[in-house]
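Report on the structure given below.
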There are 2 protein chains.
Amino acid sequence: MENMNIKKLAKELNLSVSTVSKALHDSYEIKAETKEKVLALAKQLNYQPNPFASSLRRNSSKTIAVVIPEIAHNFFSLVINGIESIAEELKYHVLIYITHEIPEKEEQIIRHLLNGRVDGILISSSGTSNNNAHYHELVQKGIPFVFFDRANFDVDAPRVTTDDYQAGFQATEHLIKSQCKHFAFLSLSNQMSAINHRKDGFLAALKQYQIEPSHVHIIEAGTDETLSFQIIRDFLQPLPVSLGIFSSVEKLAIQTYHICKEIDIMIPKQLKIISFSNLPTAALLNPALSTLTQPAFSIGKEAALLLFQSIKNKGKIQPITTLPNVVLKSTLFIRESTKM
Amino acid sequence: MENMNIKKLAKELNLSVSTVSKALHDSYEIKAETKEKVLALAKQLNYQPNPFASSLRRNSSKTIAVVIPEIAHNFFSLVINGIESIAEELKYHVLIYITHEIPEKEEQIIRHLLNGRVDGILISSSGTSNNNAHYHELVQKGIPFVFFDRANFDVDAPRVTTDDYQAGFQATEHLIKSQCKHFAFLSLSNQMSAINHRKDGFLAALKQYQIEPSHVHIIEAGTDETLSFQIIRDFLQPLPVSLGIFSSVEKLAIQTYHICKEIDIMIPKQLKIISFSNLPTAALLNPALSTLTQPAFSIGKEAALLLFQSIKNKGKIQPITTLPNVVLKSTLFIRESTKM
């Protein structure tokens with residue numbers, strides 16, 4: 001069927017079947033002008049190669065997958081835009097899979113992708129350090145993949161992260177200098193590398209400024225929204241004096257705002273808060289939210305570039321010590337929510 | 001390869017090859033208990049069917065695609081959660097494709113999906129009424145698809161929409177009763193059905209209340225963020241007296257907030273604004289934003305149910321007049337931004 005169509009295209013254009021086939025596969029051997037002619041007629045005749053047959057033959061799907069924990073998170077939507085900006089150029093399709101923060105769901109998706117359905121995978125892990133068997137299977141099968149933001153540090157794969165420790169330190173130092181007396185870290189999970197690095201930065205700053213350990217609170221809010229709302233509300237009643245909150249993700253900061261509104265806690269007078277966030281409304285909130293903002297679009301771009309590099313190098317053995325590890329910087333935006 | 005693995009599973013479990021195969025394909029002929037046993041061992045032995053071979057044979061990919069204009073839009077992320085809640089139950093994978101509001105990109109994605117890569121497609125159209133050839137190709141190829149939110153009314157396909165006209169009327173009536181004198185509709189595009197229905201409701205309300213046509217402004221802000229920011233800012237300088245804005249999407253309302261902050265326009269004193277929105281921070285903005293909120297999660301669920309119905313009925317001819325057309329209601333939330 002495909003060959004028949006290629007023959008038809010070739011005849012119509014007075015080109016060889018091989019030239020048409022190469023043009024359709026965007027071969028560097030073919031002039032741009034010829035490619036354009038072939039593609040225009042292919043479109044006109046509605047030529048469609050069979051994707052399965054074509055994938056098996058060329059051993060390339062011209063598709064990459066992005067596996068993310070959730071979609072209702074401005075950080076991830078910006079990252080995806082960054083990824084697509086690179087994929088677009090290389091004429092790759094981008095498939096997005098959502099794990100809803102469920103490690104088993106992530107495993108299921110990765111296993112679904114194990115047999116060459118895509119050429120490579122970008123992963124922001126929902127997993128814990130205990131379940132990395134599926135990543136090792138990717139390594140074994142030689143399927144290129146790159147971690148971004150939430151990496152699994154027990155697995156040998158390129159990764160793009162941000163300076164979570166330093167940013168956590170900086171945010172906490174800002175709360176200390178804003179004269180907070182009690183300090184709380186809102187955690188999404190104690191099993192995620194990025195979140196833990198933020199917490200380590202938080203703890204290091206408090207230690208350096210010799211904050212009384214009894215004034216330090218780690219709140220494991222978790223990924224379930226109803227539950228985290230309850231946990232944060234319970235923590236805020238009674239309200240610790242001069243509380244400074246450092247939220248590891250924007251979702252928990254938004255919940256804190258809702259709770260403060262509900263039980264009449266005044267921000268920043270009674271409670272100061274700063275959060276990791278790419279929220280487009282951060283500056284419009286009442287009060288405007290101080291944030292640590294990750295360069296989400298650049299993270300997506302860098303991760304995609306590393307992945308396409310891996311896809312290109314596929315099969316070549318790379319020593320683990322040279323695995324790329326890109327670390328980008330977050331930016332601190334001081335707004336009303338941490339005002340003295 | 002696959003058969004060898006099935007044989008191994010069958011031998012290990014002392015079952016027939018046919019029983020194991022049926023269990024793996026979730027056949028109703030097999031007891032739940034047996035399925036569990038088979039799946040547990042399959043997981044343990046890391047049994048993976050070849051997806052391409054299996055798709056060709058069973059003629060089913062157990063995958064559906066969702067094609068949306070953008071991801072940084074709370075509406076779409078909630079819809080996707082609704083879709084996944086149904087797909088999960090039926091053990092289907094959900095692939096997400098983003099068109100970035102570019103009709104050509106949507107065409108490209110749909111054509112990429114034309115050859116049975118997925119069992120069905122959910123589409124929120126970025127297209128205009130002028131380019132629906134790719135939808136007609138889906139109809140011709142017998143690939144089930146359902147429109148949600150942004151439907152193309154020239155194409156015969158099931159659709160799930162909201163009461164955009166009525167909601168637009170209601171929002172505008174609310175602005176009129178809040179004593180606005182000038183009225184502006186912020187449009188994303190004059191080529192999208194949902195947006196146009198909102199505009200028609202807006203115009204109908206103004207007509208019914210006999211608002212002077214010179215006090216009615218249709219602002220074609222467009223989908224490009226830099227441009228729409230400029231267009232809205234230009235419209236607000238000089239500021240029409242007692243202006244009431246009805247924004248067709250939350251993105252344009254957020255831009256309006258940013259502009260008002262920048263050029264010192266007080267909301268709601270000098271300008272009132274209401275927007276279609278599923279923003280989780282709507283109630284936390286300064287001032288809190290009045291919204292028309294679509295039942296996004298339900299839209300996703302309903303659309304997925306219709307799609308799986310179509311997939312089940314595939315091949316059966318349905319008269320066009322019985323094509324399902326589900327219309328759900330939006331909810332009006334009155335907050336500070338439209339206060340008198």
Checklist entry - Is it the case that some residue within region B:164-178 is part of a loop (DSSP other than H, G, I, E, B), open to solvent by less than 30 Å² (accessible area, probe 1.4 Å) and not polar (S, T, N, Q)? => result no
Next on the checklist: Considering only region A:123-140, I want to know if a residue exists there that is in contact (Cβ under 8 Å) with a residue 60 or more places away in the chain, crowded, with 21+ Cβ neighbours inside 10 Å and either at the interface with chain B (Cβ under 9 Å from one of its Cβ atoms) or assigned to a helix (DSSP H, G or I) (or both).
Outcome noted: no
Checklist entry - What is the residue count in region B:202-230 for residues that are within 17 Å of B:Ile263 (Cβ to Cβ) and crowded, with 17+ Cβ neighbours inside 10 Å? => result 4
Checklist entry - Restricting attention to region A:97-112, and to residues there that are in a helix (DSSP H, G or I) and in contact with a helix residue (DSSP H, G or I) (Cβ under 8 Å, 6 or more places away or on another chain), which single residue is surrounded by the most Cβ atoms within 10 Å (Cβ to Cβ)? => result A:Glu106
Checklist outcome for this item: Subset of region A:232-257, residues open to solvent by 60 Å² or more (accessible area, probe 1.4 Å) and part of a helix (DSSP H, G or I), comes to A:Asp234
Next on the checklist: Just to be sure I understand the filter: pairs with C-beta atoms under 7 Å, separated by 6 or more residues or on different chains, first member in region A:295-319 and at pLDDT 95 or above, second member assigned to a helix (DSSP H, G or I) and surrounded by fewer than 17 Cβ atoms within 10 Å (Cβ to Cβ). Which pairs pass?
Outcome noted: A:Lys301/A:Ser85
Checklist entry - Within region B:141-153, how many residues turn out to be more than 26 Å from B:Pro295 (Cβ to Cβ) and part of a loop (DSSP other than H, G, I, E, B)? => result 2
Checklist entry - Residues of region B:77-103 being free of Cβ contacts under 8 Å to residues at least 60 places away in the same chain and under 16 Å from A:Val94 (Cβ atoms), which ones? => result B:His93, B:Val94, B:Leu95, B:Ile96, B:Tyr97, B:Ile98, B:Thr99, B:His100, B:Ile102
Item to check | Positions within region A:73-114 being aromatic (Phe, Trp, Tyr) and facing chain B (nearest Cβ under 9 Å), in sequence order | outcome: A:Phe76, A:Tyr97
Checklist outcome for this item: The helices (runs of 4 or more DSSP H) lying wholly within region B:17-96 that contain at least 1 residues that are modelled with pLDDT of 80 or more and out of contact with any Cys (no Cβ under 7 Å at 6 or more places or on another chain) are B:17-24, B:32-44, B:74-89
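The values are calculated or read from the model by the stated rules, or taken from the named source; none is laboratory data. Since the model is a prediction, treat every value here as computed from it, not as a measurement. As a convention, Cβ positions derive from the backbone with ideal geometry for all residues, glycine included, and neighbour counts pool all protein chains shown. We work out accessible area using only protein heavy atoms, side chains counted, and drop any ligands, DNA or RNA first. Shrake-Rupley method; radii C 1.70, N 1.55, O 1.52, S 1.80 Å.
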